[in-house]
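*Asks:* Structure in structure tokens, see below.
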Amino acid sequence: MTRLPPPLAPAAQIGPNLHVLNGAVHTGVLISGTKALLIDCCDSVSVGALARLGVTSVQWILCTQHRRPNVTGARPYIERGTRLAVPASERHLFEDVRAYWSDPANRWHIYHHQPGPQVLARSLPVDHAVLDGEVIEWEGFSIRVLDTAGTTDGSVSYLVQDGDRRVCFSGDAIYGPGQLWDLHSLQKGTGDILDYHGFLGNKRKLIPSLRKLASCGADLLVPSHGRIINDPTGAIGLLLNRLDSLWRNYTSISSLNHYFPDFFADTRHDPVRLRPAPTREPPPFVRRVAFTSFALISETGAAFLIDCGDRSVVETLQEWVRGGQISTVEGCWVTHYHDDHVDALEAVRSTFGCPVIADARLAEIVEHPDRFFLPCISPYATTVDRTTRDRETWRWREFAMTGFHSPGQSYHHGGLLVEATGGRVFFAGDSGSPTGIDDHCPANRNFLGAGRGFRRCIGLWRELQPDWIVNQHQELAFSFSDADLDTMDSVLAQRESLLSDMLPWPNPNFGTDENWVRAYPYEQEVRVDTPFWIDVQFTNHGPDPAVAQAAPALPDGWLWDAHRSRPTVTVPGQTC
């Protein structure tokens, strides 16, 4: 496994007048006398740190992107008169953040990833919006703007000429030779394909951006995260090769080959692509209801539902009761929390008086969705009447039922094995298709590693050998051969290796899991002058314990009771 490099020195001089302040995000400092122009502004860029460089005033801050870590330290300077320049296409994400955060589309039913949850908490006034190719003149220095979109839709880089040296501040376009800071930032759809299905999709923008950086003539690249890069061409060439290898790996076993057969046209004839598994009708005791729901039909006439994401499911079941096709509905198993599987759970529960049943790692999201920020999340809470442990078995009518934690499409996902005289059916939620697996959105938290994520699902399918695997979105069932399972497991093991090389973390899941550090609860209502609490929760994907620290950045007038808090904790290894 790769490891994060040791901390850099607090400051580094890289040109006669050009410095880098190292922090959570690296900040460029271009100096003229006692005046400075900053490129990005991390929260560790203090007056004292600048004073040690001889700076007494900051005239401009040029931002590479809209995300909070890159500009968190800017407000105190702007309040003292510093002017702010930002990418033109992201200007609204600086000036009008209230519109972003008050839009329900950025809170519920989330199928987009850009601009993402790192939008500023409070607006900042913008003095200038920069465009590709523009040259900014300041104190005799020329700074050229390069459009280097990719990790955000509007990211830019700044090419600075200082003496004989040309230095490019490249944001998060690259971390180091062949490396990116994270992978989830590249989530992006195209055309009719939403961001949700756009794994690695913004490579369409990032690759031209990387080629632009390679040809811009820079002697050095200064990324927002990572070491200064002394060989831009070599570092970028290695990253381009790794992106291509990862893309081939991903598309070879993707369920999108089933749902959108022409989407991956560039790898359609790749010999490593998995051949589609055979499909067939589910057994007679499994019946399609509507939308994403199936039902088990007992020989007694009772029905047991799997998922309920739309009112049409309830209406169809009511029609079946009126027509004598079923007598009642006696339960509903929930495969995962996505809105198209849970939006009408309360309707089916209240209409038929049936219990809602879910895996323990899923139940809280169904009951308290306001506590979480996840893709496709539904605002409609419902009671989970029964929570199951992994491998818990029970009987319903003539069927043997076993619930599993089945962390495929999402970590918060269950699988249900149903055994009857006619065979064994595994209800997999959205975790598989004849062409492979549904791991197209890292924000779902589908982890890499032996026994984790889809490799755990593959192990279950191998162990249980179901006659039918049912995906809630597909009319026909399928099953995988041992060779298919071997292929998928091998591809995922290779993917872990590829991402270990591409991402600088002690475990690649840190670079794919946007929620490895998160606020809990995500949302809550409190009364004025009433104390409340927020946890900062950490998932340590690495093998070793790690020390984590957190402190609140409070709005004016708020107080933090530090004596009742634990700002430093030791997080055990492999906590998820």
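The values are calculated or read from the model by the stated rules, or taken from the named source; none is laboratory data. Remember, predicted model here, so these are calculated numbers, not experimental data. Because the Cβ atoms are built from the backbone with ideal geometry, glycine has one as well, and the counts that use them run over all protein chains shown. Side chains are part of the model used for accessible areas, which takes the heavy atoms of the whole protein and leaves out ligands, DNA and RNA. Shrake-Rupley method; radii C 1.70, N 1.55, O 1.52, S 1.80 Å.
*Asks:* Tell me, yes or no, whether the range 337-345 has at least one residue that is over 19 Å from Ser378 (Cβ atoms) and open to solvent by 10 Å² or more (accessible area, probe 1.4 Å).
*Replies:* There is no residue in the range 337-345 that is over 19 Å from Ser378 (Cβ atoms) and open to solvent by 10 Å² or more (accessible area, probe 1.4 Å).
*Asks:* Continuing with the same structure: Would you be able to tell me the number of residues in the range 254-266 that are open to solvent by less than 10 Å² (accessible area, probe 1.4 Å) and either in contact with a strand residue (DSSP E or B) (Cβ under 7 Å, 6 or more places away or on another chain) or not aliphatic (A, V, I, L, M) (or both)?
*Replies:* Final tally of qualifying residues: 3.
*Asks:* Which condition breaks for Thr251 when tested against (1) open to solvent by 80 Å² or more (accessible area, probe 1.4 Å); (2) free of Cβ contacts under 8 Å to residues at least 24 places away in the same chain; (3) over 17 Å from Ile469 (Cβ atoms); (4) not small (Gly, Ala, Ser)?
*Replies:* Only one criterion in (1) open to solvent by 80 Å² or more (accessible area, probe 1.4 Å); (2) free of Cβ contacts under 8 Å to residues at least 24 places away in the same chain; (3) over 17 Å from Ile469 (Cβ atoms); (4) not small (Gly, Ala, Ser) is unmet by Thr251, namely (1).
*Asks:* Residue check: is Leu221 touching a helix residue (DSSP H, G or I) at 6+ places or on another chain (Cβ under 6 Å) and either part of a helix (DSSP H, G or I) or surrounded by 18 or more Cβ atoms within 10 Å (Cβ to Cβ) (or both)?
*Replies:* Considered against the rule, which asks whether it is touching a helix residue (DSSP H, G or I) at 6+ places or on another chain (Cβ under 6 Å) and either part of a helix (DSSP H, G or I) or surrounded by 18 or more Cβ atoms within 10 Å (Cβ to Cβ) (or both), Leu221 comes out as yes.
*Asks:* For the range 319-364, give me the residue count where each residue is farther than 27 Å from Gln409 by Cα, free of Cβ contacts under 8 Å to residues at least 12 places away in the same chain and part of a helix (DSSP H, G or I).
*Replies:* Qualifying residue count, the range 319-364: 4.
*Asks:* State whether the residues of the range 454-462 include one that is at pLDDT 95 or above and in a loop (DSSP other than H, G, I, E, B).
*Replies:* no
*Asks:* With free of Cβ contacts under 8 Å to residues at least 40 places away in the same chain, among the charged types (D, E, K, R) and closer than 18 Å to Ser157 by Cβ as the only criterion, which of Arg91, Arg80, Arg67 stands out?
*Replies:* Arg91
*Asks:* Assuming Tyr100 fulfils every condition listed in (1) under 21 Å from Lys212 (Cβ atoms); (2) of a type in the set (Ser, Thr, Tyr); (3) under 29 Å from the mean Cα position of the chain (by Cα) apart from one, which condition is it?
*Replies:* The single condition Tyr100 does not satisfy is (1).
*Asks:* Now a separate question. Evaluate the range 178-187: report whether one residue or more is farther than 19 Å from Gly226 by Cβ, part of a helix (DSSP H, G or I) and modelled with pLDDT of 95 or more.
*Replies:* No: zero hits.
*Asks:* Let me ask something additional. I want to confirm something. Restricting to the range 377-412 and keeping residues that are among the small types (Gly, Ala, Ser) and touching a strand residue (DSSP E or B) at 6+ places or on another chain (Cβ under 7 Å), which single residue is farthest from Asp359 (Cα to Cα)?
*Replies:* Ala400
*Asks:* Taking the range 427-453 only, how many residues are part of a helix (DSSP H, G or I) and either of a type outside the set (A, V, I, L, M, F, W, C) or under 9 Å from Gly408 (Cα atoms) (or both)?
*Replies:* Qualifying residue count for the region: 3.
*Asks:* Also, quick follow-up: Tell me, yes or no, whether the range 23-32 has at least one residue that is open to solvent by less than 10 Å² (accessible area, probe 1.4 Å), over 23 Å from Ala443 (Cβ atoms) and of a type in the set (S, T, N, Q).
*Replies:* The answer is yes, given that some residue of the range 23-32 is open to solvent by less than 10 Å² (accessible area, probe 1.4 Å), over 23 Å from Ala443 (Cβ atoms) and of a type in the set (S, T, N, Q).
*Asks:* Among what's in the range 417-463 and is without any contact (Cβ under 8 Å) to a residue 40 or more places away in the chain and open to solvent by 30 Å² or more (accessible area, probe 1.4 Å), pick the residue that is nearest to Glu496 (Cα to Cα).
*Replies:* Arg455
*Asks:* Is there a residue in the range 314-335 that is out of contact with any strand residue (DSSP E or B) (no Cβ under 8 Å at 6 or more places or on another chain) and buried (at least 21 other Cβ atoms within 10 Å of the Cβ)?
*Replies:* Checked the range 314-335: at least one residue is out of contact with any strand residue (DSSP E or B) (no Cβ under 8 Å at 6 or more places or on another chain) and buried (at least 21 other Cβ atoms within 10 Å of the Cβ).
*Asks:* Please go through the range 385-403 and pick out each residue that is under 22 Å from Cys457 (Cβ atoms) and not basic (Lys, Arg).
*Replies:* Thr387, Thr388, Asp390, Glu392, Thr393, Trp394, Phe399, Ala400, Met401, Thr402, Gly403
*Asks:* Among the strands (runs of 3 or more DSSP E) contained in the range 47-136, which hold 2 or more residues that are touching a Pro at 6+ places or on another chain (Cβ under 8 Å) and open to solvent by less than 50 Å² (accessible area, probe 1.4 Å)?
*Replies:* Result: 128-130.
*Asks:* Being open to solvent by less than 40 Å² (accessible area, probe 1.4 Å), in a loop (DSSP other than H, G, I, E, B) and within 30 Å of Asp164 (Cβ to Cβ) is the filter here; which residues of the range 190-216 pass it?
*Replies:* Cys216
*Asks:* Would you confirm, using the coordinates I've provided, whether Arg280 is at pLDDT 95 or above, open to solvent by 40 Å² or more (accessible area, probe 1.4 Å) and under 21 Å from the mean Cα position of the chain (by Cα)?
*Replies:* When the stated conditions are applied, Arg280 does not pass them.
*Asks:* Still on this structure: Name the pairs: first residue in the range 536-560 and part of a strand (DSSP E or B), second residue open to solvent by 50 Å² or more (accessible area, probe 1.4 Å) and of a type in the set (D, E, K, R), Cβ to Cβ under 6 Å, at least 6 apart or on different chains?
*Replies:* Within 6 Å, the pairs are Gln537/Arg518.
*Asks:* Now, a different point. Suppose we keep only residues that are small (Gly, Ala, Ser) and outside any loop (DSSP other than H, G, I, E, B) within the range 466-488. Which one would you say is surrounded by the most Cβ atoms within 10 Å (Cβ to Cβ)?
*Replies:* Ala477
To keep it simple, each residue is scored yes or no on (1) surrounded by 13 or more Cβ atoms within 10 Å (Cβ to Cβ); (2) over 25 Å from Arg75 (Cβ atoms).
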site: Ser500; (1), (2): yes, yes
site: Gly511; (1), (2): yes, yes
site: Ala519; (1), (2): yes, no
site: Gln537; (1), (2): yes, yes
site: Asp556; (1), (2): no, no
site: Pro567; (1), (2): no, no
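*Asks:* Among the numbered criteria (1) assigned to a strand (DSSP E or B); (2) in contact (Cβ under 8 Å) with a residue 24 or more places away in the chain, which single criterion is violated by Ser142?
*Replies:* Unmet condition: (2).
*Asks:* When Gly573 is evaluated against the numbered criteria (1) in contact (Cβ under 8 Å) with a residue 60 or more places away in the chain; (2) part of a loop (DSSP other than H, G, I, E, B), which criterion, by number, is the only one it fails?
*Replies:* (1)
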